[in-house]
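Comments concern the structure below.
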Amino acid sequence: QVQLVESGGGLVQAGGSLRLSCAASLRTFSNYVMGWFRQAPGKEREFVAGIKWIGGITSYADSVKGRFTISRDDAKNTVNLEMNSLKPEDTADYYCAAHKSTVIVQTPGPYDYWGQGTQVTVSS
């Protein structure tokens, strides 16, 4: 089984930055699409960003375009989410997910593996 572990969450002031990381138990994400989702209390889990490992093709939710950057580190077998210009509405639990596919999917259903989540709180 693939194990995903997120890290880097915490408390940050509005306008600040935070970097999340997701480490996987497998050695390579070559045949995977990796995604970041977030879920605020009482709200539906929503797509934030995704990356196709081979080629580094990315996809972003409109709400985070220009502010968040998803990337992968092949040497460390991790996927990262750099979050800049954070807003209070970015506050949520952030989840790393993996989907064995060549297509970035923006819904949570098809993703095969999930991390436990890491909390991000942005103060105003």
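Of the residues that make up region 49-64, is at least one on the phi > 0 side of the Ramachandran plot, at pLDDT below 95, in contact with a strand residue (DSSP E or B) (Cβ under 9 Å, 6 or more places away or on another chain) and of a type in the set (Gly, Ala, Ser)? Quick ask: steps written out before the conclusion?
Taking region 49-64 as the starting set, the residues that turn out to be on the phi > 0 side of the Ramachandran plot are 55-56.
If we keep only those that are at pLDDT below 95 as well, we get 55-56.
Right, trim to in contact with a strand residue (DSSP E or B) (Cβ under 9 Å, 6 or more places away or on another chain) and you get 56.
From the residues that got through so far, the ones that are of a type in the set (Gly, Ala, Ser) too are 56.
Yes, because at least one residue in region 49-64 is on the phi > 0 side of the Ramachandran plot, at pLDDT below 95, in contact with a strand residue (DSSP E or B) (Cβ under 9 Å, 6 or more places away or on another chain) and of a type in the set (Gly, Ala, Ser).
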Item to complete: Find all pairs meeting these conditions: Cβ atoms under 7 angstrom apart; at least six residues apart or on different chains; first residue within region 65-89 and without any contact (Cβ under 8 Å) to a residue 40 or more places away in the chain; second residue of a type in the set (Phe, Trp, Tyr) and part of a strand (DSSP E or B).
Response: Phe68/Tyr60; Ile70/Trp36
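Quick grid of which residues meet (1) open to solvent by 40 Å² or more (accessible area, probe 1.4 Å); (2) assigned to a strand (DSSP E or B):
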site	(1), (2)
Val12	no, yes
Arg19	yes, yes
Ser30	yes, no
Tyr94	no, yes
Worksheet entry | Tally, over region 96-124, of residues that are assigned to a strand (DSSP E or B), open to solvent by 50 Å² or more (accessible area, probe 1.4 Å) and modelled with pLDDT under 95 | 1
Response to the item:
Checked against (1) free of Cβ contacts under 8 Å to residues at least 24 places away in the same chain; (2) exposed (fewer than 14 other Cβ atoms within 10 Å of the Cβ), Glu46 satisfies every condition except (2)
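Can you find, within region 66-92, the residue that is farthest from Gly42 (Cα to Cα) among those that are in a loop (DSSP other than H, G, I, E, B) and modelled with pLDDT under 95?
Ala75
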Worksheet entry | Any chance Gly117 is at positive phi, touching a strand residue (DSSP E or B) at 6+ places or on another chain (Cβ under 6 Å) and of a type outside the set (Ser, Thr, Tyr) | yes
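Identify all residues within region 1-48 that are among the hydrophobic types (A, V, I, L, M, F, W, C), more than 19 Å from Ala75 (Cβ to Cβ) and in contact with a Lys or Arg (Cβ under 9 Å, 6 or more places away or on another chain); write none if there are none. Talk me through it step by step, then tell me what you get.
Of region 1-48, the ones among the hydrophobic types (A, V, I, L, M, F, W, C) are 2, 4-5, 11-12, 14, 18, 20, 22-24, 26, 29, 33-34, 36-37, 40, 47-48.
In the following step, the residues that additionally are more than 19 Å from Ala75 (Cβ to Cβ) were identified as 11-12, 14, 18, 33, 36-37, 40, 47-48.
Within region 1-48, Ala14, Val33, Phe37, Phe47, Val48 meet the criteria.
The values are calculated or read from the model by the stated rules, or taken from the named source; none is laboratory data. Owing to the predicted nature of the structure, the values given are computational and were not obtained by experimental measurement. Because the Cβ atoms are built from the backbone with ideal geometry, glycine has one as well, and the counts that use them run over all protein chains shown. Ligands, DNA and RNA are stripped out before the accessible areas are found, and what is left, the full protein with its side chains, is counted by its heavy atoms. Shrake-Rupley method; radii C 1.70, N 1.55, O 1.52, S 1.80 Å.
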